[in-house]
Amino acid sequence: MKNKDFKAFSTLVGGVSRRDFLKYCTIMASSMGLPLGAGAQMAEAVVNPKRPPVIWLSAQECTGCTESLLRATHPTLEHLILDLISLDYHETLSTPSGKQAEEARAASIKENKGKFILVVDGAIPVKDNGIYCMIAGKTVLDILKETAKDALAVIAIGSCSSWGGVPSADPNPTGATPVHKVLADAGIKTPVVNIPGCPPNPYNFLSTVLYFVTFKKLPELDDKARPVFAYGRLIHENCERRPHFDAGRFATEFGDDNHRKGYCLYKLGCKGPETFNNCPALLFGDTGAGTWPVGCGHPCFGCSEQEVGFHKPLFSKASLHLVTPPDTYPHTAEAQGKGATITGVAVAAAAAGAAFAAVNKIAGKLGDDDKKK
């Protein structure tokens, strides 16, 4: 990265030092599993004066994904849309409205055909030709088709656009449909990446955009078109309450002693054992006190999984995919009755060995509980 380019960039972002900026890019690259040197490539791409144009469409959604993005601090939203990308259209954030906003979208599509990123927030209603969500007299169904066919890539942000989310829950009166299915049914082959969550962590979205800006391609995706760096592991694998699961310590009611002690929330309906996401590692919030639902005492409801979050009863037990204890435990867990933390690898390994012997007993107990019900 040339010093003269960074000097101009630094002025825009409030005087951030070159060292700190490179450090930030390196951290982002390492969190995505990229090789040494990728951070410098990201930094070089960001200071490039030619910013990638982005069009953001909003369909059946609650604006939660935008609200989550508003609270990101590295980069901040204004840094993202003024310095890293060119946000040409966003119903909530655009300065123009009405006719002017729609003209801005049409102009961006025309000027950047085959070069812009399309972000879609919300499910797409297809019943009755899509009349249940309209913008400027046109259905969002038609707007999506006419915009996506000219996009370089589509990012479906949030579970509504990725899977259908809340609008698609039974009985799905509007025929709410995920973006990738709408495009496939229309024969539009623009690549789609899903960033599910309700809302998703903003850094999973930002990292995907930064990767695209740097390497001009989407990151590695799983079989559901989700970035592997964010959705490659079960929540259950990295949950700080995992040692309690393996030791058979469960909260059975909200507010009971076991719940207050931080025990496993599996019996309260936690869907962590069947949900792929990096929530326990990335956390939400940038105030120095980041947290996530399980961390503050609420079961994961599987919002990033198509057949779990909005289609499986909230407090029903999760399907277990990873019962065998790990070789080492996540960063911390409250020891039973003492409030101590299990952080040492040796202690964790010993606990894992002891817990392994009890796994069959625990699994049998869980099954017996279900039979009694």
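The values are calculated or read from the model by the stated rules, or taken from the named source; none is laboratory data. Just so we're clear, the structure is a prediction, and the values are computed from it rather than from any experiment. Counting neighbours? That spans all protein chains shown, and the Cβs are built from the backbone with ideal geometry, glycine included.
So if I check each of Tyr203, Tyr263, Tyr211, which one is in contact with a His (Cβ under 9 Å, 6 or more places away or on another chain), buried (at least 18 other Cβ atoms within 10 Å of the Cβ) and outside the structural domain of Phe315 (by TED's automatic domain parsing)? Matching residue, one of Tyr203, Tyr263, Tyr211: Tyr203. Do we have Lys361 as among the basic types (Lys, Arg), outside the structural domain of Ser207 (by TED's automatic domain parsing) and at pLDDT 50 or above here? The answer is no for Lys361. Each residue in region 183-224 was checked for being modelled with pLDDT of 90 or more and hydroxyl-bearing (Ser, Thr, Tyr), and 1 pass. Of all residue pairs spaced 6 or more apart or on separate chains, those with beta-carbon atoms under 7 Å, a first member in region 258-286 that is farther than 30 Å from Leu69 by Cα and in a loop (DSSP other than H, G, I, E, B) and a second member that is of a type in the set (A, V, I, L, M) and at pLDDT 90 or above are Tyr263/Ala251. Look at Lys271 and say whether it is basic (Lys, Arg) and buried (at least 18 other Cβ atoms within 10 Å of the Cβ). In short, yes.
Scanning region 196-253 for residues that are under 13 Å from the mean Cα position of the chain (by Cα) and assigned to a helix (DSSP H, G or I) yields a total of 13. Scanning region 132-144 for residues that are hydrophobic (A, V, I, L, M, F, W, C) and under 18 Å from Asp185 (Cα atoms) returns Val140, Leu141, Ile143, Leu144. Of the strands (runs of 3 or more DSSP E) lying entirely inside region 46-162, those carrying at least 3 residues that are crowded, with 19+ Cβ neighbours inside 10 Å and without any contact (Cβ under 8 Å) to a residue 40 or more places away in the chain are 86-90. Of the residues examined, Ser304 is one that is closer than 25 Å to Phe205 by Cα and either in a loop (DSSP other than H, G, I, E, B) or not small (Gly, Ala, Ser) (or both).
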